[in-house]
Amino acid sequence: MLQLYWSSFKRITLRFLAEPKWLLLLISVILMSLVYLNGSINNLPVAVVDLDHTSSSRELIRALDTTSKANIILYESSLEAYQDINDRKLFAVITIPRDYEKRLLRGEAITIPAYGDASSRLANGMIQQDFKSIYQQFLSRYNADLMRNSGLSTEQVNIILMPIKSQIDPLYNAGISFAAITFPGLLVMLLQHSLLIVSTRTNIGLSSLPQGKPPAIVFLGSLSALIPIWLFLSIILFGLWPWLLGYRQLATLPQIILMTFPFLLAVMGLAKLLTESLRKVEMIYLTLSFITTPVFYLSGTIWPLEAMPNWVKCIAKLLPSTWASNMIASVNQMGLAISDNLFNLFMLLVLGGFYAALGIFISAVRDGSAREFFKRHSIKHFFK
């Protein structure tokens, strides 16, 4: 038995080393992550049309230009700026009205129109957040000047403007940017998708041998040969490559292996279930191509699980990538300990065992061995 295990293990290992097609996964990750190379969204072009041309308007422009997300571009005409935002050359257009400084000095209400391109929700939201902060600073200073001119002291002005001082402590920091939040989920999805394809292909290849279906120990040895290769890929994807991109990395090498190993077992268990349920390579590839994107959205990387309907949440929790994304992001980006993720590890092992057992049962039912087993272990036979 042990000899069969090692011979099948070495055969699959040598085949993958001789034809390293699995390295295509690294190429895919490199191409995909090039969009995250800057680490964050910065210097988005924003037009400012200054119709006042006063020291106050120029002060507002300088303040807007201090934000990290916007790159202020001055325009002389609003029509030209609107044309450029329609042509997707700009993300927003801000117009400083005429008599801005006069109204400001007289204490009159001022409207500063701002138009943004909402088709890119991420970029538009970042610009809005930065500009709202600038507007709030100007508004606070403007109100403070009005109250001081009315005879209030500086202490009274501070109490009126900020009666409650808030303090926010970032207990869990997912990283430096939106990319650092989504990146672990993308890597988990790629690992899961690639391992599902290879595992199902290995299962089908062994089941369709000319000499007949080999013993279970051969399946075990062949599938075990995939684990070292995908552990190596996990070290590259979760450790080396994000570090090269400059993302926050807190997990050690043993922690990465400890988190990835049960995840790989769960994916291989799911591959066994898919193999026995679909049986054909074409059907498996077609199914995986359709479910890849839904699985990524269900993992909780883009949309939190708590905000999903209960029945959708139940489907998400049946996927290994959901538990792995949560665990790897919390340890590698948030700095939590492995002991805080024992339930994630446990659920991955449970899912892997459940899917593998269900796949073996379906195979036994199809082959007829399950019927023979129940006949031999029936109650009537027991009492005999």
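The values are calculated or read from the model by the stated rules, or taken from the named source; none is laboratory data. Keep in mind that what you see is a predicted model, and the values were worked out from it rather than measured. Here the Cβ is made from the backbone with ideal geometry for all residues, glycine too, and neighbour counts use every protein chain on show. Heads up: the accessible areas ignore ligands, DNA and RNA and are worked out on the full protein's heavy atoms, side chains in. Shrake-Rupley method; radii C 1.70, N 1.55, O 1.52, S 1.80 Å.
What number of residues in segment 228-247 are open to solvent by 20 Å² or more (accessible area, probe 1.4 Å), among the aromatic types (Phe, Trp, Tyr) and farther than 17 Å from residue 15 by Cα?
Result for segment 228-247: 2.
Would you point out the residue of segment 152-162, among those that are open to solvent by less than 70 Å² (accessible area, probe 1.4 Å) and assigned to a helix (DSSP H, G or I), that is nearest to residue 60 (Cα to Cα)?
The initial filter retains those residues of segment 152-162 that are open to solvent by less than 70 Å² (accessible area, probe 1.4 Å), namely 152-153, 157, 161.
Then drop every residue that is not assigned to a helix (DSSP H, G or I), which leaves 157, 161.
Working: 157: 22, 161: 21 Å.
Here the residue is 161.
For segment 308-319, does any single residue satisfy the condition of being within 19 Å of the chain's Cα centre (by Cα), more than 24 Å from residue 256 (Cα to Cα), open to solvent by less than 70 Å² (accessible area, probe 1.4 Å) and of a type in the set (A, V, I, L, M, F, W, C)?
So far as segment 308-319 goes, yes, one or more of its residues are within 19 Å of the chain's Cα centre (by Cα), more than 24 Å from residue 256 (Cα to Cα), open to solvent by less than 70 Å² (accessible area, probe 1.4 Å) and of a type in the set (A, V, I, L, M, F, W, C).
Is one or more of the residues making up segment 128-151 exposed (fewer than 11 other Cβ atoms within 10 Å of the Cβ), touching a Phe, Trp or Tyr at 6+ places or on another chain (Cβ under 7 Å) and modelled with pLDDT under 80?
The answer is no, given that none of the residues of segment 128-151 is exposed (fewer than 11 other Cβ atoms within 10 Å of the Cβ), touching a Phe, Trp or Tyr at 6+ places or on another chain (Cβ under 7 Å) and modelled with pLDDT under 80.
How many residues, within segment 88-114, are modelled with pLDDT under 85 and farther than 30 Å from residue 150 by Cβ?
Within segment 88-114, residues that are modelled with pLDDT under 85 and farther than 30 Å from residue 150 by Cβ number 1.
What is the residue count in segment 248-291 for residues that are open to solvent by 60 Å² or more (accessible area, probe 1.4 Å) and in contact with a Ser or Thr (Cβ under 8 Å, 6 or more places away or on another chain)?
1
Of the residues that sit in segment 72-104 and are touching a residue at least 24 places away in the same chain (Cβ under 8 Å) and surrounded by fewer than 15 Cβ atoms within 10 Å (Cβ to Cβ), which one is farthest from the chain's Cα centre (by Cα)? Break it down into steps so the answer makes sense when it comes.
As a first pass, look at segment 72-104 and keep what is touching a residue at least 24 places away in the same chain (Cβ under 8 Å): 72-78, 81-82, 84-85, 88-101, 104.
Within this subset, residues satisfying the condition of being surrounded by fewer than 15 Cβ atoms within 10 Å (Cβ to Cβ) are 74, 76-77, 88-89, 98-99.
Working: 74: 36, 76: 41, 77: 41, 88: 27, 89: 28, 98: 45, 99: 47 Å.
Selected residue: 99.
Within segment 326-337, is there a residue that is without any contact (Cβ under 8 Å) to a residue 60 or more places away in the chain and loosely packed, with under 15 Cβ neighbours inside 10 Å?
Yes, segment 326-337 contains at least one residue that is without any contact (Cβ under 8 Å) to a residue 60 or more places away in the chain and loosely packed, with under 15 Cβ neighbours inside 10 Å.
When segment 284-315 is examined, which residues are found to be more than 19 Å from residue 223 (Cα to Cα), modelled with pLDDT under 85 and β-branched (Val, Ile, Thr)?
Matches in segment 284-315: 287, 291, 292, 293, 295, 301, 302.
Given 2, 79, 74, which one is within 30 Å of residue 224 (Cα to Cα) and aliphatic (A, V, I, L, M)?
Step by step, each of 2, 79, 74 is checked, and only 2 is within 30 Å of residue 224 (Cα to Cα) and aliphatic (A, V, I, L, M).
Yes/no matrix, rows are residues, columns are (1) hydroxyl-bearing (Ser, Thr, Tyr); (2) buried (at least 19 other Cβ atoms within 10 Å of the Cβ); (3) modelled with pLDDT of 85 or more:
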residue	(1), (2), (3)
188	no, yes, yes
198	no, yes, yes
210	no, no, no
217	no, no, yes
221	no, yes, yes
226	no, yes, yes
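In segment 39-55, which residues are of a type in the set (Gly, Ala, Ser) and either modelled with pLDDT under 85 or surrounded by fewer than 16 Cβ atoms within 10 Å (Cβ to Cβ) (or both)?
Taking segment 39-55 and keeping what is of a type in the set (Gly, Ala, Ser), we get 39-40, 47, 55.
Within segment 39-55, 39, 40, 55 qualify.
Among the numbered conditions (1) surrounded by 20 or more Cβ atoms within 10 Å (Cβ to Cβ); (2) hydrophobic (A, V, I, L, M, F, W, C); (3) touching a residue at least 40 places away in the same chain (Cβ under 8 Å), tell me where residue 298 comes up short.
Every listed condition holds for residue 298 apart from (3).
When segment 105-123 is examined, which residues are found to be more than 21 Å from residue 58 (Cα to Cα) and exposed (fewer than 13 other Cβ atoms within 10 Å of the Cβ)?
118, 119, 121, 122
Give me a count of the residues in segment 234-283 that are modelled with pLDDT of 80 or more and among the charged types (D, E, K, R).
Result for segment 234-283: 2.
It is to be established whether one or more residues within segment 58-66 are more than 30 Å from residue 302 (Cα to Cα), touching a helix residue (DSSP H, G or I) at 6+ places or on another chain (Cβ under 7 Å), open to solvent by less than 50 Å² (accessible area, probe 1.4 Å) and free of Cβ contacts under 8 Å to residues at least 40 places away in the same chain.
No; the residues of segment 58-66 include none that is more than 30 Å from residue 302 (Cα to Cα), touching a helix residue (DSSP H, G or I) at 6+ places or on another chain (Cβ under 7 Å), open to solvent by less than 50 Å² (accessible area, probe 1.4 Å) and free of Cβ contacts under 8 Å to residues at least 40 places away in the same chain.
Among the helices (runs of 4 or more DSSP H) lying completely within segment 1-76, list those that include at least 1 residues that are closer than 30 Å to residue 217 by Cα.
Details: elements: 2-18, 24-33, 55-65.
Filter on segment 1-76 gives 2-18, 24-33.
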